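Each remark here refers to the structure printed beneath this line.
The values are calculated or read from the model by the stated rules, or taken from the named source; none is laboratory data. What you see is a predicted model; the values in this text were computed from it and never measured. Ideal geometry is used to build each Cβ from the backbone, glycine not excepted, and the neighbour counts take in all protein chains shown.
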Amino acid sequence: MNGELRDLYQEVIIDHGKRPRNFRLLEGATRTAEGFNPLCGDQLRVYVKLADGVIEDIAFQGAGCAISQASASLMTLAVKGQTPAQALALFARVHALLTEGPHALEPPAELGKLAVLSGVWEFPVRVKCATLAWHTLRSALEGGDAPVSTE
């Protein structure tokens with residue numbers, strides 16, 4: 001990744017980390033799940049409102065590092081309006097990006113704004129920060145009761 005692109009990606013992560021989108025309690029949520037990353041101390045709750053087979057609305061609350069907050073923010077923007085199956089397929093692609101690197105997806109540009117997370121894979125200790133929201137979303141969609149932990 002060239003320096004200019006890396007700088008742009010870092011700016012987007014910082015922006016979403018400081019001003020996360022959809023950071024709120026979602027009244028009328030049909031699914032919720034809690035997630036916790038003991039390594040970094042990130043914790044969040046994801047709220048999903050399913051209607052007519054799609055994610056009509058999604059929000060999250062919690063505290064954590066900039067990467068955790070930015071990933072959750074970007075996730076909410078990406079999955080709103082998708083079916084649970086589409087959201088889970090996107091989770092798989094983002095997980096591959098974060099754990100295997102940008103070369104795992106051809107082309108990575110298909111992820112749109114989520115591509116800004118591509119630099120995280122270079123820092124293995126931060127991957128759990130970026131995947132926490134996604135694992136928590138999966139638990140909410142699958143109806144999991146137990147809190148999700150990255151450990």
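Before moving on, here are some points about what is shown:
- If you go through the stretch 1-56 and pick out every residue that is outside any helix (DSSP H, G or I), of a type in the set (A, V, I, L, M) and over 13 Å from A70 (Cα atoms), you end up with 12.
- Residues of the stretch 129-148 satisfying the condition of being in contact with a Leu (Cβ under 9 Å, 6 or more places away or on another chain) and surrounded by 13 or more Cβ atoms within 10 Å (Cβ to Cβ): C129, A130, T131, L132, A133, W134, T136, L137, R138, L141, V148
- Filter result for V54 (of a type in the set (V, I, T) and touching a residue at least 40 places away in the same chain (Cβ under 8 Å)): no
One line per residue, one yes/no per condition, for (1) within 21 Å of L132 (Cβ to Cβ); (2) touching a Lys or Arg at 6+ places or on another chain (Cβ under 8 Å); (3) modelled with pLDDT under 95:
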position: V12; (1), (2), (3): yes, yes, yes
position: R21; (1), (2), (3): yes, no, no
position: L25; (1), (2), (3): yes, no, no
position: G41; (1), (2), (3): yes, no, yes
position: L44; (1), (2), (3): yes, no, no
position: D52; (1), (2), (3): no, no, no
position: I55; (1), (2), (3): yes, yes, no
position: I58; (1), (2), (3): yes, yes, no
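- For T76, the test of being hydroxyl-bearing (S, T, Y) and more than 13 Å from the chain's Cα centre (by Cα) is failed.
- Near pairs, Cβ below 7 angstrom, 6+ apart or cross-chain, from the stretch 66-78 (closer than 14 Å to R24 by Cα) to any residue that is polar (S, T, N, Q): S73/N22; T76/N22
- Just one of the listed residues (G62, G119, G112, G35) is closer than 23 Å to L8 by Cβ and surrounded by 15 or more Cβ atoms within 10 Å (Cβ to Cβ), and it is G119.
- Test: residue in the stretch 88-99 that is touching a strand residue (DSSP E or B) at 6+ places or on another chain (Cβ under 6 Å), modelled with pLDDT of 95 or more and of a type in the set (A, V, I, L, M): no
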